[in-house]
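Report on one structure; see the data block that follows.
The values are calculated or read from the model by the stated rules, or taken from the named source; none is laboratory data. Because the structure is a prediction, the values reported are computed rather than measured. Remember, those area values only see protein heavy atoms, side chains included, never the ligands or the DNA or RNA. Shrake-Rupley method; radii C 1.70, N 1.55, O 1.52, S 1.80 Å.
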Amino acid sequence: MNKAIYFLVVIILISCKTNTVAQGEKKSVKSDISGVTTEKVKLQKKTFSKDQEAIAPGTIHLEGSVMLITENKSICSKTYKAAIAVRVENILASGSGIENMISSGQEVIFGFRKFMADDFNILEKQFVKNKRFFIVIEEGRCRDMSEAVYLISKIEEIE
């Protein structure tokens with residue numbers, strides 16, 4: 001009786017095993033000299049290079065040309081010390097949760113965060129018209145939630 005129950009449990013466990021391989025797993029089959037085949041399941045590792053780093057939610061990485069830089073610009077009823085108008089040339093990557101996606105060829109005004117816009121004269125000399133930049137922006141919502149505002153998190157000149 002005991003052997004019969006043990007045998008039934010083994011049969012049930014074997015029949016419940018799935019034959020499919022889960023996503024992200026790699027199946028390899030080996031056979032040894034005796035002809036017995038064994039299966040090994042290995043997890044594939046995801047690796048990120050510098051170009052493929054994880055993008056934070058609500059963040060867009062893009063390349064663009066500066067069209068205009070202005071001081072004390074009002075965006076969504078809030079005044080920023082400095083803002084730039086940028087013609088977007090290429091969207092490199094974007095994080096999840098972007099509500100108003102920017103497209104190539106579009107001209108958009110980006111506000112500078114307070115710590116980035118301490119001296120407008122220095123900014124004006126750095127951001128010459130038609131100079132190309134790599135820009136990381138974060139999308140935010142206006143107070144009335146009707147429009148999006150984009151703030152610069154990082155900006156670097158493209159050589």
One would report the antiparallel percent of DSSP beta bridges in region 59-157, rounded to the nearest 5, as 95
Post the alpha-carbon centroid distance, region 116-159 to region 87-103, in whole angstrom. 14
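Could you tell me whether region 59-157 comes out rounded, prolate or oblate from its Cα gyration tensor? Rule is a ≥ b ≥ c as square roots of the eigenvalues, rounded for a/c under 1.5, then prolate if a/b exceeds b/c, otherwise oblate. Walk me through the intermediate numbers first.
Working: a/c = 1.76, a/b = 1.12, b/c = 1.57.
In terms of gyration-tensor shape, oblate.
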Using a 1.4 Å probe and ignoring any ligands, DNA or RNA, find the accessible area of Met145 and quote it in Å² to the nearest 10. 120
Excluding ligands and nucleic acids, what accessible area in Å² is computed for Lys81 using a 1.4 Å probe, to the nearest 10? 100
Leaving ligands and nucleic acids out of the surface, order Leu123, Leu151 by accessible area at 1.4 Å, largest first. Leu151, Leu123
